[in-house]
Structure formats: C-alpha cells, structure tokens
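What follows is one structure encoded as structure tokens, with my remarks underneath.
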Amino acid sequence: MEVPSEQSLEQLERRILGRGCEPRLLGDASHRFVEAQLLCDGHLSFILVQRSLAGSPLPETPRRMKALLDDALTRARAPFLRDGVTIVQGHSLPRSVLYRGYVLLMLAGMERAGVADARSTALFDALASQLVEALERQLLLPSFGKSIWPCDSAPAAAGLLLHGRLRGDAASLAMGERLTARLVELAALPSGFPTKVDARGKPVEPLPRGTTLAWTGTFLALGSHPSAATFTSALVKGHCDYPGGALLPFAACREWPRGVKGKEDSASGPLLQGGYSVGASALAIAATRLSPEHQDWHGDLRNTAREMGIRPMLEKPHQHPLEASLYWWGTTARPW
C-alpha cells in the first residue's frame, strides 16, 4: 500500500475531479481545511510526476495532469477568491502565495514529466514572471487575507527554482534563491522558524510548529534546494519522538515545541495524547523521505501511520481523497 496501484490512482482521480475533496480533515467537520481541493489536485499531480520520473508513468498521464491543472485553475480557486485576483494568461488567479505556488509547481511538474504543451508552458512562464514581480514588491506574501505564514512561501520558492532551471530563466532562479534565503533567515531566529509574520517579516506568532517545518522542508527538497535540511533537521530534533520508547519502531511528531501545550487547528489536525499531531506526523513522512539523513525516521513514521489506521483509507482512496493523496505523495516523493 506504500506505492499506489494504477487502479487506486484512477479511483482517486475520479473522486477528486468528480465530487471533489471535502474541506475537512479525516472527515471531521470540526477540522475545517478549506484548501482541500487545491491540495488534492496538486498532490495527485505530483504523484503522477513522481511515477513518471521513476519510469512507471500512469497511462494517459498528459490528459490526467491537464485535467488536474484545469480543476486547480477553476474550482479549487474558491477559498482564495475573497482576497482578489490577478489576470495571468487570461486566467483570474487568486493573489494568495499558497495558491500561486501550488499552480506554479503543478506547471513545473508538467515540464519535468515531459507532458507540457504550448498552453501550459506559456502559463508557466507568465505566472513565474508575475510572481517575481510581486515578490520584488514584498518578499513574504499572504496566504489568506493579510495572514502571512512563511511556510506557505515554500511551494512558490520551489516553483521558481524549478522554473529557473527548466526554462533557463535567471530572474526566476534568483528570486527562488532570494525567497529561500529569507525563509532560512527566519529559521535562524532565536525563537525558531515563526508560524506567522507581518509584512516586514517581524514574527507575529514566533513559536515554530511541526507542520510548518515539515511543509517547508518538503517543498524546498522537492525543488532540490540544500536548505531543506535546515527545516527537516529542526523538525526531527525539536518535534519528533518515539512515544513508545527508542526500542519500538514507531515515531510521531509534535505540533508544538516540547513543553508547550498549544491548541489544535486546521493546520495541526487532531492533537493526540502528548501533543502529537496528525498533520505534523503526516507531513514529516514526506520531509524525512526527501532527507538522506532521516531515512530511519521515515520508516518509523510510516509504521505509526499503519498502526493508526492509514491502511483502510488507502484501500478506499475515493472515500479519503485528501488523506490518500498526501500519504502517497509522501511515500513516493523525490526531488525534481
């Protein structure tokens, strides 16, 4: 179940492009996750790229990836539209750096997998150029409203790095490096990588979180940037443990630093006894897979996922599209 079958991915695709992904975690209405459709589109697209790079592309990969991109450009915009739009190649795209970063990565994946066409390449170039211009005005951009989560800039940074390499664009590459360097600067603060900052980059919520570290480390590693190690190492060192003892091969990661009893929210997902976070542990599966130094942690986090009930979800991915796509992305992730 660690590597999805063609049948499983077809079931997942039908659900994502049909009924769509419910805006909640683990089917729980108390854990709202409004960006679920965008993540479902994006992560299934990333899985298809990963299969192509591994030499086992799914049949009709170009059609599937274009359909997922079209869904991201239309239906998946909904939670982000309240903050205004910008026109890119005739598309009205939300200004959210999280949204634009995901679409940029989906386009980068099409280029990397060799399934791009003139339309997608033109959008790839235009969106990268527009993001560079926006980041020149303000280096850390909001995710929703005026809320700036630095971790949400990681997909955009990876997308710009990839655009720079794949399209030979010096401006994209330079901005990807500049944005990544800013994230590393924030991680070097005495309090650690902040959850939220203001427009000047001053921490508003200074405490680091397991989900934000795992998220940032994973996407920077996807873009093959060595700075990914900064975030993944901080995650493992400060948030991950062996709850049953070092002799048992079961690892889990906390949402909040040790000794801090924080609340759960849509980012953390449910918090279990001891402060272990479903969200942080799930994202850590991807972060540690992409880190050569943390392969033991990757295997032990997967062991915990199996013990906590991921298998029934993977057996019926159409009933759990968000969870299945995130898990399979994490267990098959590779640098692009």
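The values are calculated or read from the model by the stated rules, or taken from the named source; none is laboratory data. All values derive from a computational prediction rather than experimental measurement. Neighbour counts are summed over all protein chains in view; Cβ atoms, including those assigned to glycine, are modelled from backbone coordinates with ideal geometry. Accessible surface areas use protein heavy atoms only, side chains included; no ligands, DNA or RNA. Shrake-Rupley method; radii C 1.70, N 1.55, O 1.52, S 1.80 Å.
Taking 25 Å as the cut-off for C-alpha to C-alpha distance, list the pairs among Lys237/Lys261; Lys196/Lys263; Lys263/Lys316; Lys146/Lys202; Lys196/Lys237 that go past it.
Going by Cα-Cα distance, Lys263/Lys316 fall outside the 25 Å limit.
With helices defined as uninterrupted DSSP H runs, which ones in the chain have an alpha carbon span along their own long axis of at least 15 Å and mean Kyte-Doolittle hydropathy of at least -0.5?
36-53, 61-73, 97-113, 118-137, 154-167, 170-187, 210-222, 228-239, 278-289, 321-332
Near His294, within a Cβ-to-Cβ distance under 14 Å, what is the net charge of the other residues, with Lys and Arg +1 and Asp and Glu -1?
-1
With springs connecting C-alpha atoms under 10 Å apart, model the chain as a Gaussian network and identify which of Ile87, Ile47, Ile148 has the largest mean-square fluctuation.
Maximum among the listed residues: Ile87.
Once you keep just the Cα pairs under 8 angstrom separated by 6 or more residues, what percentage relative contact order results for the chain? If you can, show how the numbers build up before the last one.
Details: 585 pairs, mean separation 59.9, N = 336.
Normalised by residue count, the contact order of the chain is 18 percent.
Under 5 Å between amide H atoms, partner at least 5 residues away or on a different chain: which partners does Thr86 have, H built in plane at 1.01 Å?
Leu93, Arg95
Ala122 to Gln273: extension gain in nm, 0.36 nm per residue of separation minus the Cα-Cα distance? Spell out each step's value before the answer.
Numbers: separation 151, 0.36 × 151 = 54.36 nm, distance 4.90 nm.
The span from Ala122 to Gln273 would gain 49.5 nm if fully extended.
Which whole-number percent gives the relative contact order of the range 193-336, counting Cα pairs below 8 Å spaced six or more residues apart?
About 22 percent, as a whole number.
Show me the ranking of peptides 161-170, 123-132 by mean Cβ neighbours inside 10 Å, starting with the highest.
Ranking the peptides 161-170, 123-132 by packing returns 123-132, 161-170.
Please find the FRET efficiency linking Arg19 to Asp83, where r is the Cβ-Cβ separation and R0 is fixed at 25 Å, and quote it to the nearest 0.05.
The value I calculate is 0.45.
Would you mind calculating the relative contact order of the range 113-228 from Cα pairs under 8 angstrom and at least 6 residues apart, reporting the percent as a whole number?
After rounding, I find 24 percent.
Mind telling me which of Ser56, Ser45, Ser96 comes out most flexible in a GNM of the chain, alpha-carbon contacts under 10 Å?
It is Ser56.
If I take R0 = 22 Å and measure r between the Cβ atoms of Lys237 and Arg334 in this structure, what FRET efficiency does the formula 1/(1 + (r/R0)^6) give, to the nearest 0.05?
According to the calculation, E is roughly 0.35.
In terms of the Cα gyration tensor, with a ≥ b ≥ c the square roots of its eigenvalues, is the range 1-136 rounded because a/c is under 1.5, prolate because a/b exceeds b/c, or oblate? List each step's numbers first, then the result.
Numbers: a/c = 2.08, a/b = 1.14, b/c = 1.83.
Here the range 1-136 falls in the oblate category.
Quick check: Cα centre of the range 265-329 to Cα centre of the range 109-126, how many Å?
Comparing the Cα centres of the range 265-329 and the range 109-126, I get a distance of 30 Å.
Specify the residue with the greatest mean-square fluctuation among Arg289, Arg137, Arg182, computed from a Gaussian network of the chain linking alpha-carbon atoms under 10 Å apart.
Highest fluctuation of the listed residues: Arg137.
Nearest 20 debye, what's the magnitude of the dipole of the range 138-210 about its Cα centre given +1 on Lys and Arg Cβ and -1 on Asp and Glu Cβ?
Roughly 60 debye, rounded to the nearest 20.
Quick check on the range 203-282: what are the equivalent-ellipsoid semi-axes from the Cα gyration tensor, as sqrt(5λ), descending, whole Å?
20, 16, 11
With each run of n ≥ 4 DSSP H residues scored as -39500 (n - 2.57), what mean residue ellipticity at 222 nm is computed for the chain after dividing by its residue count and rounding to the nearest 500 deg cm²/dmol?
When only DSSP H runs of four or more count, the value is -17000 deg cm²/dmol.
Taking all protein chains in place and a 1.4 Å probe, what share, in percent, of the accessible surface of the range 235-336 do carbon and sulfur account for?
The nonpolar share, carbon plus sulfur, comes to 55 percent.
About the Cα centre, and with charges only on the beta carbon of Lys, Arg (+1) and Asp, Glu (-1), how big is the dipole of the range 117-244? Nearest 20 debye, please.
180
Keeping every protein chain present and rolling a 1.4 Å probe, give me the accessible area per residue for the chain in Å².
On a per-residue basis, the chain sits at 40 Å².
Note down the magnitude of the dipole of the range 236-292 about its Cα centre, charges +1 on Lys and Arg C-beta and -1 on Asp and Glu C-beta and zero elsewhere, to the nearest 20 debye. Walk me through the numbers on the way to the answer.
On the way: 6 positive and 4 negative charges, 29 e Å.
Taking the Cα centre of the range 236-292 as origin, the dipole is about 140 debye.
State the cysteines of the chain left without a partner when partners are defined as other cysteines whose beta carbon lies under 4.7 Å away.
Flagged as lacking a Cys partner: Cys151.
Please list, ordered by chain and number, the residues whose modelled amide H lies under 5 Å from the amide H of Arg24; skip anything fewer than 5 residues away on the same chain.
Long-range HN contacts for Arg24: Phe33.
Rounded to a whole number, what % of the accessible area of the range 112-208 do carbon and sulfur atoms account for, probe 1.4 Å?
55
For the chain, what is the per residue volume of the convex hull drawn over the alpha-carbon atoms, in cubic angstrom?
Output value, Cα hull per residue: 121 Å³.
Ranked by accessible surface with a 1.4 Å probe, highest first, in what order do Arg254, Arg112 come?
Arg112, Arg254
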